[in-house]
Amino acid sequence: MASLQEPWLLENGNLKVSSKETRHGKTAHNMSSSSLRKKSDLTLVSKVRCGMLRHLLTNLQEVILGTKLTVLFPAIPLAIAAECYGFGRPWVFALSLLGLTPLAERVSFLTEQIAYYTGPTVGGLLNATCGNATELIIAIFALWQHKIQVVKYSLLGSILSNLLLVLGTSLFCGGIANLGKEQKYDRRQADVNALLLLLALLCHMLPLLFRISAASVSLTEVPTLQLSRASSIIMLLAYITYIIFQLVTHRQLFEAQEESVEDGDDVLSEETPVIGFWSGIVWLVGMTAVIALLSEYVVATIEDASESWGLSVSFISIILLPIVGNAAEHAGAVIFAFKNKLDISLGVALGSATQIAMFVVPLCVIVAWILGIEMDLTFNLLETGALTLSIITTAFTLQDGTSHYLKGLALLLCYVVIGACFFLNKTPLNHGNVIDLGVKSAAGSVIAA
C-alpha cells in the first residue's frame with residue numbers, strides 16, 4: 001500500500017491523514033461529482049522504476065482515467081481540430097459543449113484534492129469559487145465579445161435548470177426509488193438558500209420595475225444601470241456573508257451532508273488525497289485553460305449553431321448549455337437522491353443556483369463595468385417571470401422538510417413548460433428589450449388620454 005502512495009508522499013513529505021474536521025472543506029458539489037468517479041488500479045504504475053515517470057503516470061491515471069466520463073475527453077481534441085481545420089461551426093459548438101462536461105467534473109475533483117492540504121476554510125472558499133467555474137468562464141468570454149444577452153441567458157438557464165430540472169429529477173427519482181420510506185431533509189439549509197434566492201430575485205426585479213414605471217425608457221437607462229451595479233455590490237457582500245455563515249459561524253448546519261455519506265459509500269470514504277498539492281494546482285490551471293478555450297469556441301459558434309439547427313439562441317443558452325455543461329454534477333445529485341440522501345441533492349441544486357444568482361451574475365456586472373461594457377440586471381418580462389415563478393415554486397415545494405415523487409414531477413413539468421416557451425421564442429439575439437414596447441405604448445396611451 002505504501003508503494004501506491006509513494007508519488008504524493010515524495011512530493012509533499014509527511015502527509016497527515018485528513019480528519020473529519022478537514023472534510024468540512026468539501027461541498028455538496030464535490031460529493032455529487034464523487035458518484036461519477038472510479039477507483040484507479042495503480043498495480044502496473046507502481047511497478048515503474050523511474051520515480052518521475054511513475055509520478056506522471058499516477059497523475060494521468062487519477063485525473064484523466066479516474067472518472068466515468070473519460071469517454072468524453074476525445075471531444076476536446078476533436079473540437080480543437082474542428083476549429084483549426086475549418087469544420088462546420090455547429091460541429092465546433094457541439095464538440096466543445098461535450099468536452100466541457102468531463103472538465104467541469106474534473107475541476108470539482110481537483111479542488112477537493114487541493115482542499116485536503118489547505119484545510120477546511122480555504123478548501124471551502126476554493127470550492128465556493130470554482131463550483132461554477134464553467135458558467136463563469138463562458139460568461140466572461142461572452143462579455144468580452146459584447147454578447148450580453150448570451151451572458152444573461154446562460155446564467156438564467158443555470159438557475160432554472162438547478163431549481164427545476166436537477167431538483168425536480170432528484171425528488172422524483174428519489175421518491176420513486178424510496179416509495180416505502182419517508183424522505184426527509186434539513187429544512188434549515190433549504191431556508192437559507194431560498195432566502196438568498198429571493199434576495200437575488202428582488203435585485204433582478206427592481207431595475208426592471210424601475211424601467212417599466214418610467215414614462216420614457218431613455219430617462220431610466222442610466223439610473224437603471226447604476227441601480228444594477230449598486231445591487232450587484234450588495235449581492236456580492238451578501239454572498240461573502242453567506243460563505244462566512246457556511247464555513248465559520250454556522251458550520252454545523254452543513255455538516256449533515258457529510259455525515260450522511262460516511263456510511264456505505266466507498267467512493268467518499270477515502271481519507272487521503274490521491275495526487276499532490278502542486279500537482280493539483282498544475283492540473284487545475286491546465287483544466288481551467290482548456291475550459292477557457294472551449295468556452296471561447298462555444299460563445300463564438302453559438303449563433304451559427306442556432307441558425308444551423310433552427311433553434312433560438314435563447315433556447316440553446318437557457319436549456320442546452322446548462323444541461324450539457326453540468327451533466328456530471330446533475331447526474332450525481334440524482335444518484336444520491338436514489339440513495340435517499342436528499343441533503344446532498346438539495347445542496348447541489350440550491351447551492352449551485354444560489355452561487356449563480358448571488359455571485360456569478362453580480363460578478364459579471366462588475367466585470368462588465370470594469371471593461372466599460374454596460375450590462376445591467378434587467379431581463380425581459382418573459383425571463384423575469386420564469387425566474388420569479390421558479391424561485392417561488394421551489395420555495396413552496398421545500399417548506400415542510402419532506403419529499404415525495406409528486407413534488408419532483410411538478411418541478412419537472414414546470415421546467416418542460418418553460419423550455420417549450422423558449423423553444424417557441426424566436427426573438428433575435430440583438431433584438432431590443434420587449435419591455436420597451438410596453439413602456440412606449442403605455443406612454444402613448446397616457447399622452448392620448
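Quick check on the range 375-419: of everything there that is of a type in the set (G, A, S) and touching a strand residue (DSSP E or B) at 6+ places or on another chain (Cβ under 7 Å), which residue is surrounded by the fewest Cβ atoms within 10 Å (Cβ to Cβ)? Spell out the reasoning first.
Taking the range 375-419 first, the residues of a type in the set (G, A, S) are 385-386, 390, 395, 401, 403, 408, 410, 419.
Next, only the ones that are touching a strand residue (DSSP E or B) at 6+ places or on another chain (Cβ under 7 Å) stay: 401, 403.
Working: G401: 14, S403: 26.
Filtering the range 375-419 for residues that are of a type in the set (G, A, S) and touching a strand residue (DSSP E or B) at 6+ places or on another chain (Cβ under 7 Å), the one surrounded by the fewest Cβ atoms within 10 Å (Cβ to Cβ) comes out as G401.
Among the residues of the range 359-374, are any at pLDDT below 85, over 20 Å from I319 (Cα atoms), assigned to a helix (DSSP H, G or I) and not aliphatic (A, V, I, L, M)?
No, that holds for no residue.
Restricting the search to the range 174-192, which residues are open to solvent by 70 Å² or more (accessible area, probe 1.4 Å) and either within 14 Å of K341 (Cβ to Cβ) or outside any helix (DSSP H, G or I) (or both)?
L179, G180, K181, E182, K184
Count, please, the residues in the range 327-344 that happen to be under 17 Å from L179 (Cβ atoms) and either among the acidic types (D, E) or not in a loop (DSSP other than H, G, I, E, B) (or both).
Of the residues in that region, 4 qualify.
Of everything in the range 298-316 that's among the small types (G, A, S) and not in a helix (DSSP H, G or I), which residue is surrounded by the fewest Cβ atoms within 10 Å (Cβ to Cβ)? Steps first, please.
Within the range 298-316, the subset among the small types (G, A, S) is 300, 305-306, 308, 310, 312, 314.
Cutting the leftovers down to not in a helix (DSSP H, G or I) gives us 310, 312.
On the way: G310: 7, S312: 20.
The selected residue is G310.
Of everything in the range 193-237, what is crowded, with 16+ Cβ neighbours inside 10 Å and within 21 Å of the chain's Cα centre (by Cα)? Give them in sequence order.
Those that are crowded, with 16+ Cβ neighbours inside 10 Å and within 21 Å of the chain's Cα centre (by Cα): N193, A194, L196, L197, L199, A200, L201, C203, H204, S232, M235, L236.
Could you grab the pairs with beta carbons closer than 6 Å, sequence gap of 6+ or different chains, first residue in the range 60-81 and part of a loop (DSSP other than H, G, I, E, B), second one surrounded by fewer than 13 Cβ atoms within 10 Å (Cβ to Cβ)?
From residues that are part of a loop (DSSP other than H, G, I, E, B), the pairs are K68/K38.
Pairs, please: C-beta under 9 Å, at least 6 apart or cross-chain, first residue free of Cβ contacts under 8 Å to residues at least 24 places away in the same chain and outside any helix (DSSP H, G or I) and in the range 146-173, second open to solvent by less than 10 Å² (accessible area, probe 1.4 Å) and of a type in the set (V, I, T)?
Taking only residues 6 or more apart or on different chains, not a single pair turns up.
Could you tell me which residue of the range 138-150 is nearest to S314 (Cα to Cα), considering only residues that are open to solvent by less than 10 Å² (accessible area, probe 1.4 Å) and over 14 Å from the mean Cα position of the chain (by Cα)?
Within the range 138-150, the subset open to solvent by less than 10 Å² (accessible area, probe 1.4 Å) is 139, 142-143, 150.
Applying the additional criterion that residues be over 14 Å from the mean Cα position of the chain (by Cα) yields 142-143, 150.
Details: A142: 14, L143: 16, V150: 8 Å.
Taking the candidates together, the pick is V150.
Residue by residue, here is whether (1) open to solvent by less than 10 Å² (accessible area, probe 1.4 Å); (2) assigned to a helix (DSSP H, G or I); (3) modelled with pLDDT of 85 or more holds:
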residue: V92; (1), (2), (3): yes, yes, yes
residue: L98; (1), (2), (3): no, yes, yes
residue: L103; (1), (2), (3): yes, yes, yes
residue: L110; (1), (2), (3): yes, yes, no
residue: Y117; (1), (2), (3): no, yes, no
residue: V122; (1), (2), (3): no, yes, no
residue: L126; (1), (2), (3): no, yes, no
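The values are calculated or read from the model by the stated rules, or taken from the named source; none is laboratory data. Computed from a prediction, not measured in an experiment: that's the story for all the values here. In this analysis, Cβ positions are derived from the backbone assuming ideal geometry, glycine residues included, and neighbour counts consider all displayed protein chains. We work out accessible area using only protein heavy atoms, side chains counted, and drop any ligands, DNA or RNA first. Shrake-Rupley method; radii C 1.70, N 1.55, O 1.52, S 1.80 Å.
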